[in-house]
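To start, the structure under review is shown below, and the notes come after it.
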Amino acid sequence: MIVPQFEYLVPQSLQEACALLGQHGSKAKVLSGGSDLIVKMKNGLAKPDYLVSLKNLDELKGVRYEAGTGVIIGSRTTHNQVIANPILREKYPSVCAAAATMAAYQIRNIGTIGGNLVNAVPSADMPPILIALGAQARIVGTAGERVVRVEDFFLGPGRTVLGQDEILAELVIPDQATTGSNYVKFGLRRAGALAVVGVASSVTMAGDVAKDVRIILGAVAPIPMVAREAENVLRGKKVSDDLIQHAGKVAAVESKPINDIRGSAEYRRNLVDVLTRRSLKAAIEKGHV
Amino acid sequence: MSELSVVGKSVPMIDAREKVTGEAKYVSDVKLPGMLYGRILRSPLPHARICSIDTSRAARLPGVKALLTAHDTPKVKFGEVIADEFPLAVDKVRYIGDHVAAVAAVSEDVAEEALELIEVEYDELPVVDDPLKAMDSDAPLVHDVERNIANQMSFSRGDITQGFREADEIIEEYFETSLVHQCYLEPMGSVADYSGGRLNWYLPVHIPSVMRLTYAKTLGVSADAIRVLSPFVGGGFGSKMEYAPHLICALLSKKAGRPVRIVNSRVEEFLATMPRLPMYITLKLGVKRDGKITAKKTKIIADNGAYTHYAPPILSTAAMRADNQFMLENIETEAYLVYTNKMPTSCFRGFGNPQMTFALAQGIDIVAERLGLDPVDVLLRNVVRKGDVTAHGWYMGSCGIDECIQRSTEEAGWKEKRSPRGESVTLPRIDSTGTNEDKRRGIGIATCVHVSGNRSFIKMFEGSSAFIRVGDDGKPLLFTGEVELGQGSRTIFAQIVAEELGLSVDDIRVAMLDTDVSPFGLGAFASRTTTLGGKAVVAAARDLRAKLSVVASDMLEANPHDLQFAGGAVFVKGSPERAVPFVAVATRAVHQKSGSPVIGEGSFTPDNVVIADPQTKFGNISVAYSFGAHVVEVEVDTRTGKVDLINYVAAHDTGKTINPMAAEGQIEGGVAQGLGYALTEEIVIQNGRVLNPTFLDYRLMTPLDLPPIRSIFVESDDPVGPYGAKSLGEPTLIPVAAAIANAIYNAVGVRVKSLPITAEKVRDALRNKGN
């Protein structure tokens, strides 16, 4: 439980940070909140020779709104800052609520939204709701900036599209049209619990027709999973309890859960079914922006 | 005793400020000049022969000051009941985490690195980690003991055949309890300092005076060669007893000639300490139509783990203690303790009582339903009353179990909320996802009995002693043989001294235990500290008062027997205006004897307890028995099986509550710990390997998970206990899991008979029922 020796680097700009990452390659790791990385280092699961701290890069902090673009969340914004942010509370309370399901208060004070994505664990709580809202990731590297959908950000457990010299800079949630959204998490206690299953959905209604539907499942596949078949059950249809029920069943079938200490695969499928129904019902009835 | 001024009042813990500001010194804060850091090489295999250990590479690492293997340790097995463990494993390892070698080095880093350089060759042996399979005739043997049975017992009362013959209804049920950890905040450890031919040992443990004797024997030294000092202790809940790493620490210090500290990491806590015994219980009950229990037959198989600590008395507690809340006549019990390739198991709040109560209190609920009776009526039909002697020979000098049942059910709204199963109403509450139609509520009850000290546990004597020293500063300093582990004993004792001497709690200091100075005390187990320790403190304070009265009588020109001690002064009863300050009396007394402090001595030896018969287990083992009744309301999600806790009421017969605030803390802590036992906690082991050795997946309840907990004190005024007080620490946890199981059944009509009652198990049960 002792952190191994490493060199601590504190770049003053994003460009310098990317350059350092490019220079040290796989020997370097980015330190943001550290709530995942330092624990991994203590347990011998990560042994970086260099830690590149983002602590002086204030441009990666905070939330702002840009007309025509949407809500922009700096990757270093802590979970508790996400929860308390007035712009998010007004426009996307479902994002605040998802952040509030994470870890415990003290950890939410240091853990960041960017870290939650880059760490890329299958049970992460922020990716499903961000994907459901069509969020994009702004990535900065030595060669410049690029934008990818959060939906396309993950490659596998612990693996993302980020190159060796790249840093996740910002997340952008584009403007939505009358969309209700939420994230329903099933954890085995109310704090300090990883999701056994997490389901985020967003529904855009036109009268009683679901014009668009997104259903994203967490903790039931190697990466946050889009339940496409279940979305198709509802998309363009007049919503009804039967249809919602059917969508839950379909989501359960297409999910790919595993057995582990937090639940059997069979139980997880059952939870996907129940939680998808509950999430959809709430997204249809409540929280439209 | 007339009006009490300090006892019975909510006084903050006297060490609360030190603790919350971080000033309090725990063993991990002890840092002696030249101190080394010890680490233990642990077995990576659950069962294997040790072929060779090569420490030569580790010995060459700069900064390594001492290395130990079984070669260097005394070949004396230790173990309080069955001696079956060496300080370091000899020839064979028996669980993952077993102690193989140890190192002391100048820093934790170097010590850790040295462990990696120790080469051990193992020859793997077949593993048995299920106690039921361990009893098969062809199971691998953990020790050279037939069918791995470390200990067994059987006893009966009355006529079991006749008892079942008289019954109108008979039920037989099977229950399983889980492997759970005490999860004290402070991991186990010690600092050993061998110097001047003597071992000074900082040992945060339950029974320091007794462990000094045990360890002296294992180390082959006389007791006077060991001085044990008790630092602040960050909780114990039964766990901090004899432990091989303490001995390893001492042996490293002796070899290195320098002080050594070993403190466990949290992972080591989960791998290699002594959690609660899992038990596999078959319970058969016979009842008359009116609810009267006519027969109880029990078979228990308990998982000892790889070595024996206190599991045999824990098993005998499980086998009989819960019976004593009822007037039973016909009882038959057999119990087996079985070795497995898992960490050893031992004491944890309740000492076997929660395991059996999980079964028995559900048995009562089951028979009540069978008979169409309210379980409350079945309980009241069978419970003991003041003056009763139970089938096991326990004498109830005071008893408030009926009042606990009545007041807890009243407070919780039992009559209105307890609907016959299947008629639970749809709830008015709507949660964030609007799914109220899937939720059902239910309410359940469970009761318990427990001891206030156990004459049978440490057999040298029962009782306690204390002395109080007053110097010319006039501030009493109390020395007791009992131990503060966070339960609040120093505060309780300070209240008692203040009460008896007419002072305020702030005037009293309570020394930490030091075996060079303090009385020999049996220590903190069997919830004995307030009752027995408190009696000794009362006696010491009265002795001091008598001595000071002689001096004060001179000063006041009055008869010593006419004096009253109150408000920090001494005066003739009825004449408080002519008072002398307490401090002036003390100063005068000290000066009269050329500076010698005044010492009040006191001891208490109960005359109504016996060591239970080793075969039949019959006998009155405790000075006083305490009781509790818990009523809990739950809400069950019928789709996911998730159980939410709505409301909790815990009524306890404390005899007399000396500090209501501290007692509420005990209740809330015990209930929270019991709720984890009921719903979320379990050390999961597969092929001898712990799958969840961290707090992420060993799930303690968080404050957010807890319901409102209301404490009710029933004061039955025990004839023996100080001011009538009895035990409280352990009883607070004992009925929790059973109350939860009964409430879940009331809510959704399914009964999960294995702990923990996880959401998935509830969902499985609902599915099997056809929901």
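Give me the percent relative contact order of segment A:149-289, please, defined on Cα pairs under 8 angstrom at least 6 residues apart. Could the numbers behind the result be given before it?
Numbers: 254 pairs, mean separation 36.5, N = 141.
Relative contact order for segment A:149-289 comes out at 26 percent.
Spin-label model, A:Ala143 to B:Ala24: label points 7 Å out along the Cα-to-beta-carbon direction sit 5.9 nm apart.
Out of every Cα-Cα pair in segment A:1-83, what percent are more than 17 Å apart?
Working: 1838 of 3403 pairs.
When every Cα pair of segment A:1-83 is considered, 54 percent fall beyond 17 Å.
When the accessible area of segment B:99-250 is computed with all protein chains present and a 1.4 Å probe, what percentage of it is carbon and sulfur?
Values: 2620 of 5760 Å².
In segment B:99-250, the share of accessible area belonging to carbon and sulfur is 46 percent.
With axes computed from alpha carbons, what is the tilt in degrees of helix A:241-254 against the longest principal axis of chain A, rounded to the nearest 10 within 0 to 90? With rounding to tens, the tilt is 40 degrees. How far is it, in nm, from the label point at A:Glu16 to the one at B:Glu173 when both lie 7 Å from their Cα along the line to the Cβ? Spacing of the two 7 Å Cα→Cβ label points: 6.8 nm.
Compared with the dominant Cα axis of chain A, that is its longest principal axis, helix A:14-24 is turned about 70°. Given in Å, the Rg to one decimal and the Dmax to the nearest whole number for the Cα atoms of chain B are 27.2, 86.
For B:Ala612, the amide hydrogen comes within under 5 Å of the amide hydrogens of B:Ser456, counting only partners 5 or more places away or on other chains and with H modelled in the peptide plane.
So which of B:Lys217/B:Lys254; A:Lys47/B:Lys255; B:Lys284/B:Lys753; B:Lys342/B:Lys726; A:Lys27/A:Lys256 end up more than 25 Å apart by C-alpha? Walk me through the numbers on the way to the answer.
Details: B:Lys217/B:Lys254 16 Å; A:Lys47/B:Lys255 34 Å; B:Lys284/B:Lys753 14 Å; B:Lys342/B:Lys726 36 Å; A:Lys27/A:Lys256 33 Å.
Pairs exceeding 25 Å: A:Lys47/B:Lys255; B:Lys342/B:Lys726; A:Lys27/A:Lys256.
Think of a 1.4 Å ball rolled over the protein heavy atoms: the protein assembly as shown then has 37 Å² of accessible area per residue. Estimated at the nearest 10 Å², the accessible area of B:Arg198 is 70 Å² with a 1.4 Å probe. Summing charges over all other residues whose Cβ lies under 9 Å from the Cβ of B:Arg289, with Lys and Arg as +1 and Asp and Glu as -1, gives -1. Tell me the net charge near A:Leu57. Cut-off is 13 Å between Cβ atoms, A:Leu57 excluded, with +1 for each Lys or Arg and -1 for each Asp or Glu. With Lys, Arg at +1 and Asp, Glu at -1, the net is -1.
Assuming a ≥ b ≥ c are the square roots of the Cα gyration tensor eigenvalues, decide whether the protein assembly as shown counts as rounded (a/c under 1.5), prolate (otherwise, with a/b larger than b/c) or oblate.
Values: a/c = 1.63, a/b = 1.37, b/c = 1.20.
Judged from the Cα gyration tensor, the protein assembly as shown comes out prolate (a/c at least 1.5, a/b above b/c).
Annotation: amide H-H contacts under 5 Å for B:Arg349 (H modelled 1.01 Å from N, sequence separation of 5 or more, or interchain): B:Gly238. Using the Karplus relation 6.51 cos²θ - 1.76 cosθ + 1.60 with θ = phi - 60°, the per-residue 3J(HN,Hα) values for segment A:37-51 come to 4, 5, 5, 4, 5, 4, 8, x, 8, 9, 10, x, 7, 10, 10 Hz, with x marking Gly and Pro.
Summarising the amide proton neighbourhood of B:Arg227: residues at separation of 5 or more, or on other chains, whose placed amide H is nearer than 5 Å comprise B:Leu199, B:Asn200, B:Trp201.
For the interface of B with A, what's the total buried accessible surface in square angstrom, probe 1.4 angstrom, rounded to the nearest hundred?
Values: alone 28310 and 13230 Å², together 39110 Å².
Chain pair B/A: roughly 2400 Å² of buried accessible area.
Using mean Cβ contacts within 10 Å as the protection proxy, how do B:313-326, B:743-756, B:176-189 order, highest first? Can you show the working numbers first?
On the way: B:313-326: 25.8, B:743-756: 23.4, B:176-189: 20.9.
In descending order of packing, they fall as B:313-326, B:743-756, B:176-189.
Based on Cα contacts under 8 Å between residues 6+ apart, segment A:7-52 shows a relative contact order of 54 percent. Taking the protein heavy atoms of segment B:284-365 in the context of the full set of protein chains, the accessible area attributed to carbon and sulfur is 45 percent at 1.4 Å.
Working from Cα pairs under 8 Å separated by at least six residues, relative contact order for chain B is 16 percent. Compute accessible area for segment B:692-716 by itself and then with all protein chains, 1.4 Å probe, and report residues whose area falls by 30 Å² or more. Going by heavy-atom accessible area, the residues of segment B:692-716 that drop by at least 30 Å² are B:Leu696, B:Asp697, B:Arg699, B:Thr702, B:Leu704, B:Asp705.
Divide the volume of the convex hull of the Cα atoms of segment A:172-289 by its number of residues and quote the answer in cubic angstrom per residue.
Working: hull volume 12.6 nm³, N = 118.
Measuring per residue, one finds 107 Å³ for the Cα hull of segment A:172-289.
Distance between the modelled labels on B:Lys386 and B:Asn559, one decimal in nanometres: 3.3 nm (7 Å Cα→Cβ projection).
Computed from point charges on the beta carbon alone (+1 for Lys and Arg, -1 for Asp and Glu), the dipole magnitude for the protein assembly as shown about its Cα centre is near 900 Debye. Convex hull volume of the C-alpha atoms in segment A:61-174, normalised per residue: 95 Å³.
Nearest 0.05, what FRET efficiency do A:Lys237 and A:Ile38 give at R0 = 35 Å with Cβ-Cβ as r? Numbers along the way, then the final one.
Details: r = 48 Å, r/R0 = 1.36.
According to the calculation, E is roughly 0.15.
Quick check: at a probe of 1.4 Å, how many percent of the accessible area of segment A:181-284 sits on carbon and sulfur atoms?
Working: 1990 of 3710 Å².
Carbon-and-sulfur percentage of accessible area, whole number: 54.
Projected over all directions and averaged, the alpha-carbon convex hull of segment B:170-301 occupies 11.3 nm². The Cα atoms of segment A:7-52 cover 30, 19, 13 Å along the three principal axes, with the biggest extent listed first.
Using a 1.4 Å probe on the heavy atoms of the protein chains only, list every residue of segment B:725-767 that has 50 Å² or more less accessible area in the complete assembly than in its chain alone. Buried by the other chains: B:Glu760, B:Arg763. For segment A:186-211, a decrease in accessible area of 10 Å² or greater in the assembled protein chains relative to the isolated chain, with a 1.4 Å probe, applies to A:Phe186, A:Gly187, A:Leu188, A:Arg189, A:Arg190, A:Ala191, A:Gly192, A:Leu194. Residues B:Tyr625, B:Tyr174, ordered by accessible area of protein heavy atoms at a 1.4 angstrom probe radius and largest first, appear as B:Tyr174, B:Tyr625. Karplus-derived 3J(HN,Hα) values for segment B:601-618, using 6.51 cos²θ - 1.76 cosθ + 1.60 with θ = phi - 60°, are 10, x, 9, 9, 10, x, 10, 10, 10, 9, 6, 4, 4, x, 8, 8, 6, 7 Hz; glycine and proline are entered as x.
The values are calculated or read from the model by the stated rules, or taken from the named source; none is laboratory data. The structure displayed is predicted, hence computed values, not measured ones. Note that each Cβ is placed from the backbone with ideal geometry, even for glycine, and that neighbours are counted across all protein chains shown. When the accessible area is computed, the model is the full protein with side chains, heavy atoms only, and any ligands, DNA or RNA have been set aside. Shrake-Rupley method; radii C 1.70, N 1.55, O 1.52, S 1.80 Å.
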